[in-house]
Amino acid sequence: MCLGAKHIYCKIEKKPGGKITVYARPLARLIEQLQRLPGVGPKSAQRLALHILKRPEAEVEALAQALIDAKKQVGLCQVCFHLSADPVCEICRHPQRDNSTICVVADSRDLIALEKTREYKGKYHVLGGVISPMDGIGPEQLTIQALVRRVSGQKPQEVILAISPSIEGETTTLYIAQLLKPFTKVTRIAFGLPVGGDLEYADELTLARALEGRRELD
């Protein structure tokens, strides 16, 4: 039953062969694109799409513009490779951050999780992933060489490896440790996570204790 020209179910379209799709083509495309986001399944994508259609046009345009601006304006810090709208991110520029320690993380999500603990006051280095031969990711696809150059040049007192304890994470941790040991003390955080657990999903107290309990790698 049609409930008005603007009602979604008035836009049911008949495909060749008699099959009917419930979604208008533009709505179907929106749902399809939303499903590409991590953690968003078909039902969640449908719910988000229908919610967006109910919002005022100005809100939808603001959302679309925010997506475009973020994609165009946010890049990587030239020093630590964290997400940044400036050539050098705010953490690297901050005069009160401790230059004597560098915490190495796989990606910016892990950096954000550690920052939320408010326990770590040093600098960071974002690898852009972990070594994973099965996925075609080797050391050369990550920022490992940039890290080695940074450590050998700046000579920090300690490099903390804060990489999730998956098989790939362990491989990456051990590989980096061997490269950096000639230049500085290398430690790893103590995990209260199961093997394969993601750093970004750990609670703030667990991460704070992991930082406090870090140990030197042999």
Next item on the list: Go through segment 33-50 and give me each residue that's in a loop (DSSP other than H, G, I, E, B) and among the aliphatic types (A, V, I, L, M).
Entry: Leu37, Val40
Check: Identify, please: which residue in segment 1-32 is loosely packed, with under 12 Cβ neighbours inside 10 Å and not in a loop (DSSP other than H, G, I, E, B) and is, among those, modelled with the lowest pLDDT?
Finding: Lys14
Notebook entry, point to check: Quick one: what pairs do we get from segment 153-170, first residue touching a residue at least 60 places away in the same chain (Cβ under 8 Å), second not in a strand (DSSP E or B), C-beta under 8 Å, 6+ apart or different chains?
Noted result: Gly169/Ala106; Gly169/Val130; Gly169/Ile163
Item checked: Yes/no for Thr117 being buried (at least 19 other Cβ atoms within 10 Å of the Cβ) and in contact (Cβ under 8 Å) with a residue 60 or more places away in the chain -> no
Next item on the list: Considering each residue of segment 91-114, count those that are assigned to a helix (DSSP H, G or I) and either surrounded by 16 or more Cβ atoms within 10 Å (Cβ to Cβ) or on the phi > 0 side of the Ramachandran plot (or both), and give that number.
Entry: 7
Margin query: Need the failing condition index for Gln35 against (1) farther than 30 Å from Leu174 by Cβ; (2) touching a Gly at 6+ places or on another chain (Cβ under 9 Å); (3) in contact (Cβ under 8 Å) with a residue 12 or more places away in the chain; (4) of a type in the set (S, T, N, Q), just the number.
Written below: (3)
Checklist line | Boolean, Cys103 is in contact (Cβ under 8 Å) with a residue 12 or more places away in the chain and either under 19 Å from Leu174 (Cα atoms) or outside the structural domain of Phe183 (by TED's automatic domain parsing) (or both) | finding: yes
Next item on the list: Take Glu212 and decide whether it is over 21 Å from Ser108 (Cβ atoms), out of contact with any helix residue (DSSP H, G or I) (no Cβ under 7 Å at 6 or more places or on another chain), acidic (Asp, Glu) and surrounded by fewer than 21 Cβ atoms within 10 Å (Cβ to Cβ).
Entry: yes
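The values are calculated or read from the model by the stated rules, or taken from the named source; none is laboratory data. Keep in mind it's a predicted model, so treat the numbers as computed, not measured. Backbone-built Cβ (ideal geometry, glycine too); neighbour counts: all protein chains shown.
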